[in-house]
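The block underneath contains the structure these notes are about, expressed in structure tokens.
Just so it is clear, none of the values below were taken in a lab; they were calculated from the coordinates. These numbers were taken from a predicted model, which means no experiment stands behind them. Virtual Cβ from ideal backbone geometry, glycine too; neighbours counted across all protein chains shown.
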Amino acid sequence: MMTIDLFPLPLPETGDAAKFTEFGREVKGLDPGALSAQEFEQVKEALYKHDVLLFRNVVLTPEQQYTLTKAFDPDSESYGHGNNKTGSDAKSILHPDLKTIPRVPQVQLIGNGTVYDHEGLAEARLKHPNHTTFHKTRVSPEDEAQGVTRFYRWHIDAALYDLSPPRVTTLYGITVPSGNRQTCRYDDGTGDELNVPLGTTAFVSGKTMFEILPAELKSLAVRSRVKYAPHPYVWMAPAHALSTGLGIESEGLELPLNELPPWEDAKIKILPVLWKNPVTQALHFQVHPCGAAELLVAPLPAGAKREGALYPDGGHIKDIKAVRDLLYKMQRPAIAPMLVYPHDWSEKDLVLFHNRGVLHTVVGAFSKDQVRAFHQCNLAASDDPVGPTTEDVEKWC
Ligand SMILES: [Fe+2]
């Protein structure tokens, strides 16, 4: 059988090559808009093995992008946050960032600046989200003028209420402005910073996030599930993020549950902390820290060593600050500069990422005249991700 050609992605100097051996591949010699069934099967397997796939010099219509995205989950239908961007979603923090392509509502136009006569949109005013409107603190305007920036918000593409997290997101760079590289500062007292291309999309591996944890946190992760807030993006809208973009400051600013749009218990998402990769069987630490509200911990399995174990008898952690502090302790190590892959966008790049295997974030800030136009597509999945097996729990406890 013919096999597709895969090449490692160029890792920046800051990256720890030993931690990226399986992460990211460029696919050459295939037209992602016209894959045969056999080619698609190989692309799919490569995506689950390598988490991020890059195709260069791609010409792709919104219809082709939708078809490609849907092929990963043929029973999926609507955009990852639902196709209806009006009504109760208007108060969501995601609302200003998304413009729907009228012909293909599952594909969103995202970017910066004003785009004219684009796929049926006469005029679209786009705004690249940046940390100054979301984080509790901000880089000073003087530093910003020198090119200092931050991670905006580490996340999984997912509604986290009612709908299931998409398996894959496709991101197609149509107009990519050139500009000076920027310095992404963590501003969390560690002194960590990362030199990044302007407007990079940064990725970290959820598999690495799990693998680098000490034994007691692995044991906790493998036994834990996250309960997300109802309508999490409306709930978190008044709150402010941490300087690393990896979660929310606990200031009590979240919208009270009785002030949210109507919601029901049955649609609240409770998802495992670790999601099982359907091809490699690896466990990926997949938590959207901003939307997390509670942690449900199962007791240690029979025969596990109790010494040093956290929550050996299980627990239900409802204190929001305790939930966030625990998650941060588990997730922060994996966004260290040496573990981040910042994609350096060229026009006509198509990036496919395993949305159930990585976390990603927007980075940087554009000026108003820097026009950027991307097409993004992901589809609410036909099922929820699968957590650790009984054997996984026994192994890691
Ligand atoms: Fe995203």
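Descriptive notes on the structure:
- Candidates LYS127, LYS28, LYS207, ranked by Gaussian network fluctuation over the chain, Cα under 10 Å, top entry: LYS28
- Each residue of the range 126-266 gets 173 Å³ once the volume of the Cα convex hull is shared out per residue.
- Taking only the C-alpha atoms of the range 201-277, the Rg (one decimal) and the largest Cα-Cα distance, Dmax (whole number), read 15.2, 41 Å.
- Considering all different alpha carbon pairs of the range 329-382, the Kirkwood hydrodynamic radius works out to 14.3 Å.
- Highest-MSF residue in the chain out of TYR186, TYR116, TYR66 [GNM, Cα springs under 10 Å]: TYR116
- Under 13 Å, Cβ to Cβ, from LYS329 - net charge with Lys/Arg +1 and Asp/Glu -1: +1
- Bridges between two residues of the chain, per DSSP, are antiparallel at a rate of about 95%.
- Among the listed pairs LYS28/LYS49; LYS227/LYS348; LYS70/LYS321, a Cα-Cα separation exceeding 27 Å is found for LYS227/LYS348; LYS70/LYS321.
- Filtered trypsin sites (Lys or Arg not before Pro), the range 342-396: DSSP coil and at most 16 other beta carbons within 10 Å: LYS348, LYS368
- Sorted largest first, extent of the chain alpha carbons per principal axis (Å): 61, 55, 44
- Taking GluC sites (Glu not before Pro) across the range 1-39, the ones in a DSSP loop with at most 16 further Cβ atoms lying within 10 angstrom of their Cβ are GLU13, GLU22.
- Restricting the range 221-315 to trypsin sites (Lys or Arg not before Pro) that sit in a DSSP loop and have at most 16 other Cβ atoms within 10 Å of their own Cβ leaves LYS305, ARG306.
- Derived from the Cα gyration tensor, the three semi-axes of the equivalent ellipsoid of the range 302-347 are 34, 16, 9 Å, largest first.
- Using a Gaussian network model of the chain in which every pair of alpha carbons under 10 angstrom is joined by a spring, one finds that among VAL107, VAL176, VAL59 the greatest mean-square fluctuation is at VAL59.
- Ignoring lysines fewer than eight residues from LYS368 along the same chain, the ones with Cα atoms less than 21 angstrom from its Cα are LYS99, LYS127.
- Value of Rg to Rh for the range 268-313, rounded to two decimals, is 1.03; Kirkwood radius and Rg both from alpha-carbon coordinates.
- Within the straight-line cut-off of under 17 Å between alpha carbons, the aspartates and glutamates reachable from LYS395 are GLU211, GLU216, GLU307, sequence neighbours fewer than 8 places apart in one chain being disregarded.
- The C-alpha radius of gyration of the range 237-353, expressed as a fraction of 2.2 N^0.38 Å, stands at 1.32.
- Other residues lying with their Cβ under 13 Å from the Cβ of LYS269 contribute a combined charge of -3, Lys and Arg counting +1, Asp and Glu -1.
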